[in-house]
Structure formats: C-alpha cells, structure tokens
Amino acid sequence: MVIKLHRRQCCRLLTFHRTAVLVGVLVVLYNEVLVYYINKTSWKLPPGFSQSRNDDKIVRLIIAGDPQIQGYQYEVGGLVGWVTRLDSDRYLSKTFHLLLDLVQPDAVIFLGDLEDEGSVASDVEYSDYVRRFYQIFHVPAETKLILLAGDNDIGGEGADMITQEKMQRFEKNFAPLNEVVRVKNVDFIKVNLVTPFQKSPAVPQTRLMSQLSAPVRVLLSHVTLNSAVLQTAATILGSFRPQYAFSAHFHKYERAAYNITRIMRYAGLPYPADLARQQLVTQEFQVPTCSYRMGTAEIGYMVVTIDHAGEMSSSVVWLPRRYVSLCVYVVYLIVVVLAWIVQRACLSSRRHHTTQY
C-alpha cells in the first residue's frame, strides 16, 4: 500500500515537472521568437516599397531614434547588469534586422543618442560601446549608414557639458558631426543640434552649403527645430531650405511644419525676396525611440520613401512591448512556484494521513 502511494506521488510530481517545463518552453518560444513575427504582420510600409530597390528614382530609408545601448556606470552591476544589457542588445538587434531584411533600404539613419553613457564613458567602455553598436546594427556594405550625435554621446544635458574631446571621440569612432550625405537624388544635411538645454557648437553653414547638389534636401538633427534657439533654427532653415527634417531626443512620434520666411521674420533675420515669394515650408518628423529601455511603451522606427520629385511617403513601424514579455516570465515563475508549494503540501498531507491510518 505504501509503495503504491509513493508511486502515485512520484507520477504526480513527474507530471507537474513535465507540464511546468513544457509550458516554460512554450513561453520562451513565444516571447523570444513568435512575438516578433506576429508583430511584423502589423507593419505597414509606404507605397514606394512596392518599387524595386534598384530604382534610382526612389530612396528607401529606415530612420531610428535614440537606441541608447546600455552602459556600465548607471546600469545594475554584476550578473544582473550583464543580463539586462544582453537582453536590451538582443531586442535592438532582433527588431532592427527583421525590419532591415523586409525593407532593404538605401540608407539607415540614426538620429543620435547611439549610446546611453557615451558622454561619460571611459575609453575602454567607449571602445566596447562602439563594438556593440556595429554588432547590433550591422548593415550590408551597399547600404549607407548615417550616424548623428546626441547629448548622451557628446554631452549637453544638465551638468554634462559638451567638450571638444567628446566631439572628437565621436567623430573618430562613428561619423562627422556636420556633413552632407548624398543618397541618389537626396542630400541629407547633418547638423549638430544636440540639446535644447545648452548652446550647441556652431553649424558650418558655408561649408555644408558648398556640398549641396541634389534636388531634394533633408535636414537631420538630434533635437527638434522648435527646441533649438530660435535664431539658430531660423538660420539653418533659411540657409539650407530643406523640404523635410527628422529629429529624435524626446522618444515619441510627432509632426510639425515650419514656414521658413515666417520663422526668419520672428527671429529678426533678413531674408531674400525669392524666399518670401516661394513661402517654403519644412515638414519635420520627430522619430520615436527604438529601445524598450527609454520609459515609453511606444517603440518603433520610421520607414520612408522619397521619389525623384521630392514627394515623401512614410509610416511608423511599431515594435513589440518587451516589458510585457518580461512580465509574462515573472507571472509564469510565480505560478510555477505556487503550484509546486501546493503540490508538495497536498502530498505531505496525504502521506501524513496514510501513516496515521
């Protein structure tokens, strides 16, 4: 009788263990694989993506804001920090490469804050940042990678001052702070507007203007134009006269429109008669963050096409909410532990009653 009871107890424990393991495997499979492909089915690309990638009249873009790969000084230390960095890196890599394979863009643009602690990192930490960034966001050789600096990269927020050394370190490892990058029929104008809180270094308008040759102009900056000093924003708009502008920094998607003549008038700057007649308007798009670590549930990339006439189509590709998946893991572990405790208590109670009998 006692032997039969032990066998029943062992069978129940084995069944519980097998069920817990099976459910655990399914939870991991869903959270680490299926959720990304299910999310991918909701992505809507602009109409221009029906065209061939080799079409010289269409520029295809992925635009990202604030990946802020996690660092070492502000992150939790030890094994926990290693796990959180690994999970963040994997999420960034997985979502980016799913989109990259789908879009096959002509260029990928990162609008600054590539690193979370780049401005304060030691040289050793910075080297590791650079290695991780290019490993996470690896792009094919035929795809242009356009990188901007943000306040987390070179300073500019609060007491974290912008310095010449920080700017030089960024340029050495990533890209120039101010430059013009030509992609087919579009000139992308990178300007170093990194923060609304400190005065940014001067933008070399004359040098950049001499590099412009494409019929379509797109302004790229880390912060929005309406966050910059009015005179700075007006000067940049009046000099470059871009049709479109893209920025990030605030981790959310928004749109704005700027009448260039009106902005220059408000700033008290002179403007030529041809600019007043044209009444040019710059459409600015603020790009959301692509990292789930930025304290917002709205995570995504912008996907953009610009045709030969300068007409732009865009959509925001929203990404899965990683914290929901992490909560699922926590709930699963709590349920398994509670079920195990109940199971052990029931078996112990039955064993006690049988012994008394």
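The values are calculated or read from the model by the stated rules, or taken from the named source; none is laboratory data. Quantities reported herein were computed from a predicted structural model and do not represent experimental measurements. In this analysis, Cβ positions are derived from the backbone assuming ideal geometry, glycine residues included, and neighbour counts consider all displayed protein chains. Ligands, DNA and RNA are stripped out before the accessible areas are found, and what is left, the full protein with its side chains, is counted by its heavy atoms. Shrake-Rupley method; radii C 1.70, N 1.55, O 1.52, S 1.80 Å.
Worth pointing out:
- Lone unmet requirement of (1) buried (at least 16 other Cβ atoms within 10 Å of the Cβ); (2) more than 16 Å from residue 72 (Cβ to Cβ); (3) at pLDDT below 95 for residue 163: (1)
- Restricting the stretch 261-304 to residues that are open to solvent by 60 Å² or more (accessible area, probe 1.4 Å), of a type outside the set (Lys, Arg) and touching a residue at least 40 places away in the same chain (Cβ under 8 Å), the residue that is farthest from residue 89 (Cα to Cα): 283
- When the criteria are applied in full, residue 122 fails the requirement of being polar (S, T, N, Q), out of contact with any strand residue (DSSP E or B) (no Cβ under 9 Å at 6 or more places or on another chain) and closer than 25 Å to residue 59 by Cα.
- Residues of the stretch 174-207 satisfying the condition of being open to solvent by 50 Å² or more (accessible area, probe 1.4 Å) and part of a helix (DSSP H, G or I): 206, 207
- Scanning the stretch 128-156 for residues that are at pLDDT below 95, within 14 Å of the chain's Cα centre (by Cα) and open to solvent by less than 10 Å² (accessible area, probe 1.4 Å) turns up just one, 150.
- Whichever residue in the stretch 112-127 is under 20 Å from the mean Cα position of the chain (by Cα) and not in a loop (DSSP other than H, G, I, E, B) and, among such residues, is farthest from residue 155 (Cα to Cα): 126
- Condition met for residue 89 (at pLDDT 95 or above, open to solvent by 20 Å² or more (accessible area, probe 1.4 Å) and touching a strand residue (DSSP E or B) at 6+ places or on another chain (Cβ under 8 Å)): yes
- Restricting attention to the stretch 92-104 and to residues that are in contact with a Lys or Arg (Cβ under 9 Å, 6 or more places away or on another chain) and more than 11 Å from residue 36 (Cβ to Cβ), the residue that is surrounded by the most Cβ atoms within 10 Å (Cβ to Cβ) turns out to be 103.
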